[in-house]
Amino acid sequence: MTLKNITVLGSGIMGHGIAQISAMSGYKVKLRDIEKQFLDRAMDKVKWSLQKLAEKNKITNDQVEEFYNNITPVVDLNEAVKETDLIIEAVPEDYNLKKSVYKELDKITDSKTIYASNTSTLPITELSKLIDNPNRFIGVHFFNPPQLMKLVEIIPGTETDPLIIEEINNYVKKIRKTPIICKKDVAGFIVNRIFIPLVHEAAHCLDRENNSMEIVDSAVKYRLDFPMGIFELADYTGLDVIYKATYEMNLRDKKVILPHPKIKELYETKHFGQKSGKGFYEYKGDKYERIDLSEEKASKYDPISILAVASNNASWLISNEVCSKEDLENALKLGMGLKTEIFKLIEKYGVQKVLDELNKLKEKYGEFYLPDKYLLSLK
Ligand code: CAA
């Protein structure tokens, strides 16, 4: 089978980006949302992004038009899935919402359609049971912004047909991304198992150590070599996305996150981050904007507890054979833009110092910080 027509359900940050990169590789894409105003906004973002890429000579001005025209925005669901080969579902991270979407889809698609979910945390095997034919279901997880981040995690469910895995692997390569297979269908897959808990850990650092957000973020950026600070990245990703991912992950695995109430509070007060003008930080508009972080601010804080939590979750992924160490480092580089490998950072700080920090945190705040056996084996 060769994929030609793709339907992307949901035109938010991820949906419009997935539609755009698919359109940029020659696919005919239907982008579907429940209201025309959402689609109008999404198509404006596609235009903005294509023009940005043209400004940087990554594509030509003619291609801006060509790629834009490869996307058809549609409200009607029947129209959106007519003759489609692949449906990529990128609706908000809410199990009940996804359930109703799949129920509706199953009535109108033909038996050959591939279902791929861009869920950031929900178990693929659980979602695959929502359709009649679970062997045609797979997880395909992109990273924000999909236009720039090279990673796509592929998560097969227990019943996914191997031919579908191959088909999706080829699609990911065709859109010039790097596929990494997540070998176990665990909460948060690979990257979110590290990223989402860090948002909570960074919030704990503010209370426990009386720090400012800019100082913590500067330390993360300049001392741990992240491309953005954690609060900056959380605002950029969206506090709605982070909160929902937290909720769904925590429901399934209590060990993964030590929740901080600030995330729920920001979600409930609709301070979703950059897109709503306020999250941890305040913004001028809803467009791409960066926080003023500096090496001078970074020199005031040692982000060891943040490194310790990231290291522990990275180690958990290896101990539990979710991915190899090489795939893990590659995923963090391509999905979160980490410039230094996490296990190199651990070496730089010293394994014992990282373990001492986890043990100290465990004494004060409980078993969540219990060091993982793989990390212990590095001593
Ligand atoms: N399309 C095209 N261009 C874009 C763009 C888009 N969608 N978004 C931003 N840009 C442009 C910016 O406008 C900017 O252009 P200028 O140079 O003209 O100003 C440029 O790209 C970025 O340059 P910057 O110097 O501001 O930033 P940078 O070099 O740090 O790169 C970044 C930006 C790629 C976002 C980088 O900071 C990064 O990798 N950040 C981490 C992102 C990350 O971790 N993503 C994953 C989050 S988790 C997730 O998504 C999964 C989930 O399920 C929750």
Sole residue being within 16 Å of the chain's Cα centre (by Cα), of a type in the set (Val, Ile, Thr) and buried (at least 23 other Cβ atoms within 10 Å of the Cβ), chosen from Val140, Val172: Val140
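For residues that are touching a helix residue (DSSP H, G or I) at 6+ places or on another chain (Cβ under 8 Å) and β-branched (Val, Ile, Thr), scanning just region 149-168, find the one that is nearest to Thr2 (Cα to Cα).
Ile164
Conditions tested, residue by residue: (1) surrounded by fewer than 19 Cβ atoms within 10 Å (Cβ to Cβ); (2) under 23 Å from Val140 (Cβ atoms); (3) more than 12 Å from the ligand (Cβ to nearest atom); (4) acidic (Asp, Glu).
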| position | (1), (2), (3), (4) |
| --- | --- |
| Cys182 | no, yes, yes, no |
| Ile194 | no, yes, no, no |
| Ala202 | no, no, yes, no |
| Ile215 | no, no, yes, no |
| Val256 | no, yes, yes, no |
Pairs with Cβ under 6 Å, 6+ apart, first in region 128-156 and touching a residue at least 60 places away in the same chain (Cβ under 8 Å) and within 27 Å of Leu334 (Cα to Cα), second within 9 Å of the ligand (Cβ to nearest atom) and in a strand (DSSP E or B): Phe143/Leu151; Glu153/His141
Enumeration of residues in region 224-257 that are aromatic (Phe, Trp, Tyr) and over 14 Å from the mean Cα position of the chain (by Cα): Phe226, Phe231, Tyr247
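Here's the yes/no breakdown for (1) within 15 Å of the ligand (Cβ to nearest atom); (2) on the phi < 0 side of the Ramachandran plot:
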residue: Gly15; (1), (2): yes, yes
residue: Gly26; (1), (2): no, no
residue: Lys30; (1), (2): no, yes
residue: Phe38; (1), (2): no, yes
residue: Gln63; (1), (2): yes, yes
residue: Thr72; (1), (2): no, yes
residue: Ser111; (1), (2): no, yes
Of all residues making up region 327-344, the number that are over 14 Å from Tyr374 (Cβ atoms) and away from the ligand (no atom under 16 Å from the Cβ): 2
Test: residue in region 88-99 that is of a type outside the set (Val, Ile, Thr), more than 16 Å from the ligand (Cβ to nearest atom) and part of a strand (DSSP E or B): no
Residue in region 310-321 that is modelled with pLDDT of 95 or more, among the β-branched types (Val, Ile, Thr), in a helix (DSSP H, G or I) and out of contact with any Phe, Trp or Tyr (no Cβ under 8 Å at 6 or more places or on another chain) present: no
Every residue from region 8-25 that is under 12 Å from Met43 (Cα atoms) and surrounded by fewer than 24 Cβ atoms within 10 Å (Cβ to Cβ): Gly12, Ile13
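Please go through region 234-254 and give me each residue that is part of a loop (DSSP other than H, G, I, E, B) and surrounded by fewer than 19 Cβ atoms within 10 Å (Cβ to Cβ), ordered by number.
Asp253, Lys254
Residue check: is Glu66 of a type in the set (D, E, K, R) and at pLDDT below 95?
For Glu66, the condition - of a type in the set (D, E, K, R) and at pLDDT below 95 - is not met.
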Close pairs (7 angstrom Cβ cut-off, 6 or more residues apart or separate chains): free of Cβ contacts under 8 Å to residues at least 60 places away in the same chain and among the hydrophobic types (A, V, I, L, M, F, W, C) in region 1-21, outside any loop (DSSP other than H, G, I, E, B) and more than 13 Å from the ligand (Cβ to nearest atom) anywhere: Ala19/Val8; Ala19/Val29; Ala19/Leu31; Ala19/Ile71
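The values are calculated or read from the model by the stated rules, or taken from the named source; none is laboratory data. For clarity, every value in this text was computed on a predicted model and none was experimentally measured. Please note: Cβ atoms are built from the backbone with ideal geometry, for glycine as well, and neighbour counts cover all protein chains shown.
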